[in-house]
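Trainee: Pasting a structure here, questions to come.
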Amino acid sequence: NTGADGARAALEEAFEQAAAGGFVDQAARALVCLSGSLADELGEYGSAAVELDRALAYAREQELDGYVQYLVGARANLRVQRCDWSGALADAEEALARPGQFAVTSVLPLVARGRIWSARSASTEQLM
């Protein structure tokens, strides 16, 4: 397999092997890459949403809080792209309310919130 289908199969195989071997961090990373590439590279937002929810469920099951935080922010961004603004804002607030914020986990929810607020012509005070 080559191209997008080959990449998808390789990421799926990486997930399966990592999960089977107990390498939960690497397994979660494979799912993050799969969902992200479907949305960002291919524009397959429906498939990306399914894979993102799968990644989020796996991260929660494995108690990978950093991944959960990142994935909720990624889902906020995906929901903006799918015009689900209320869902995006809810995810952004959930991601930003989680303890232990890092720059990488804050970017996507802040961007999602900022895009919606600017589209709604929010005042500068609301954006901060």
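Trainee: Only helices (runs of 4 or more DSSP H) wholly contained in the range 2-63 count here; list those with 1 or more residues that are open to solvent by 40 Å² or more (accessible area, probe 1.4 Å) and under 19 Å from Asn77 (Cα atoms).
Mentor: Per the criteria, 24-36, 45-61.
Trainee: Can you pull out the residues in the range 82-105 that are at pLDDT below 90, within 21 Å of Leu38 (Cα to Cα) and surrounded by fewer than 17 Cβ atoms within 10 Å (Cβ to Cβ)?
Mentor: The answer is Val104, and nothing else.
Trainee: Name the residue, out of Ala7, Ala28, Ala18, that is more than 16 Å from the chain's Cα centre (by Cα) and at pLDDT 95 or above.
Mentor: Just one listed residue meets the conditions, Ala18.
The values are calculated or read from the model by the stated rules, or taken from the named source; none is laboratory data. Source: prediction; values computed, not measured. In this analysis, Cβ positions are derived from the backbone assuming ideal geometry, glycine residues included, and neighbour counts consider all displayed protein chains. SASA here: full protein model, heavy atoms, side chains in, ligands and nucleic acids out. Shrake-Rupley method; radii C 1.70, N 1.55, O 1.52, S 1.80 Å.
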